[in-house]
Amino acid sequence: MKNRQKGFAAWEFLIVWGMLLFLSGIVGAFCWPYGINSWLEYMDKPPALGFWGGFLLGCLPVAGQCSIPLALITWVCMLFMI
């Protein structure tokens, strides 16, 4: 009986972890292209990152959490630089 409960807890952990990665990917799909493409346009380069590229960057465990601070820093900097 104990082995079955441990296996169930492992599945729950994997489902929750997968959902968090997916949510992080959704947030990254909007924040990463905004941050990177804003800086590229500031340097007179064409935008290079799309929705799916941002989604994949957002699914990376550390990069996904960095997307929101990157977008906020970019937004504040663009307020004063443009």
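Please treat every number below as a calculation from the coordinates, not as lab data. Computed from a predicted structure; not experimentally measured. We place every Cβ from the backbone using ideal geometry, glycine too, and count neighbours over all the protein chains shown.
When the residues of the range 21-36 are filtered to those that are small (Gly, Ala, Ser) and within 8 Å of the chain's Cα centre (by Cα), which remaining residue is surrounded by the most Cβ atoms within 10 Å (Cβ to Cβ)?
28
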Exercise for review: Can you work out which of the residues in the range 37-68 that are within 21 Å of residue 79 (Cβ to Cβ) and in contact (Cβ under 8 Å) with a residue 24 or more places away in the chain is surrounded by the fewest Cβ atoms within 10 Å (Cβ to Cβ)?
Suggested key: 42
Check your understanding: Which ones in the range 34-64 are in contact with a Gly (Cβ under 9 Å, 6 or more places away or on another chain) and either closer than 18 Å to residue 18 by Cβ or of a type in the set (Phe, Trp, Tyr) (or both)?
Key -> 34, 55, 56, 57, 58, 59, 60, 63, 64
